[in-house]
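Notes for the one structure printed next.
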Amino acid sequence: MHIAFINSTRKWGGVKTWTIDFAEQLVARGHKVFIYGRQEQFVDVAQKRVGHGIKVKFGSDLSPFSIYYFYKQFKKHKVDVVVVNVGKDLSTAGVAARLLNIPVIQRIGLPNDIPYRHKTKLLHSFIKPLFLSPCEFIKQGFLKSLPYVVEDKTAVVLNGKKAEEVNIIAHKPRVLITTQQLNADKGHDTLLRALAMIDLPYKLHVVGTGHSEEYLKKLAETLGIADKIVWHGFVTNVKALLKEADIFLLASLVEGLPNTLLEALASGLLPIVRDVGGVKEVLSSELLPWVLPYEADENDFRKEIEKALLLADAELIKVKKQAYKACFEHCNLDKQVIELESLLKRVSL
């Protein structure tokens, strides 16, 4: 098959990670994949890992120049199916695909990703995309947000990660890590306040950038824990840091199915996470005690982090192995790629 992935967003996020991971595996399975994006960093990674990446100026919604550009690209490469993300993708590449009678899949990252607007409804009516969600939680929320979408026009393929060989050990002092974007809705301030109440040895690695970065660094200084934190900024090889950690922290208030959690499971990390989005869909029953209720505050996180820090080496290693096993059972990349491949073939018939 010839498959085109389109992403017009300006910053790196979970959808781009998903695109690269799945596209790379589709190429390995013998498919031709073409990736078009606005962000230079995304295009560069696509070129290195997928073998194709073109930077595009998308222009305005329904831009005739962008539509004509994609029309020519899809025709030139004999594209069988187009996978888009946000509305800008749909109103340019999606329209071009429809004019060529190429089926379109629109991936939904959050339940309310697409606002209910008359213009959007008309666009969906014209293009007739299939809506792909990375978990059941997002699918059900999406159906509620756009009541004109019928369930048989939706599909679920869980996000996936490749669980590579990891030497699962317990570090001393314990190493904690968080890898979400440093934005207000990711709850890093809750984690910092929780850690400030803990009088146990640990090291926290913070991976990522965002609007709250400077605020969080100042907060860490104010709380007196700056010397226990390593700020990495944007990192291309997150796996290397995950392999050197013990405990993964996620306090996000808004998530779909976070890639960061899947990466942590694939690296065998004990997950202390808020019950947000579809996180429970990829966790085994043994890991559910480490899931905090959505309303959890810094004191609730403090208790769970303390409990994890106090685990004996053998107990910590046991939980880390359970996390690694959960990746194989619930979000193995090889399995999920086959499911996506099957879906792509079905819609392109």
Taking a ≥ b ≥ c as the square roots of the Cα gyration tensor eigenvalues, with a/c under 1.5 meaning rounded and otherwise prolate when a/b beats b/c or oblate if not, the range 174-330 comes out rounded
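Hey, fewest Cβ within 10 Å first, where do R38, R10 land in order? Show your work: numbers first, answer last.
Details: R38 18, R10 10.
Neighbour counts put them in this order, fewest first: R10, R38.
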Any residue on another chain or 5+ positions along whose placed amide H is under 5 Å from the amide H of I3 is listed here as K32, V33, F34, D80
Rounded to whole Å, give me the distance from the Cα center of the range 257-284 to that of the range 301-320. 16
If you average the sequence gap of Cα pairs under 8 Å that are 6 or more apart and divide by the length of the range 174-330, what percent do you get for the contact order? 26
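With viscosity set to 0.692 mPa s at 37 °C, what whole-number translational diffusion coefficient in µm²/s follows for the chain from Stokes-Einstein and a Kirkwood radius over Cα pairs?
The estimated diffusion coefficient comes to 156 µm²/s.
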Cα-centre dipole for the chain with unit charges at Cβ (Lys and Arg positive, Asp and Glu negative), debye to 20: 1620
On a C-alpha basis, how far is the centre of the range 47-61 from the centre of the range 145-199 in Å? Whole number, if you could? 27
Compute a Gaussian network model of the chain, connecting alpha carbons closer than 10 Å, and tell me which residue from G30, G53, G87 fluctuates the most. G30
Order of V81, V149 from fewest to most other C-beta atoms within 10 Å? V149, V81
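Got a sec? How would D185, D21 order by Cβ neighbour count within 10 Å, fewest to most?
The fewest-first ordering by Cβ neighbours comes to D185, D21.
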Given Cα pairs under 8 Å that are at least 6 residues apart, what percent is the relative contact order of the chain? 16
What FRET efficiency, computed as 1/(1 + (r/R0)^6) with R0 = 22 Å and r the Cβ-Cβ distance, is obtained for D227 and Q41, rounded to the nearest 0.05? 0.10
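All of the numbers you see were taken from the coordinates with simple rules; none came from a lab. All figures in this text were calculated on a predicted structure; none of them were measured in a lab. All Cβ positions, glycine included, derive from the backbone under ideal geometry; neighbour counts span all protein chains shown.
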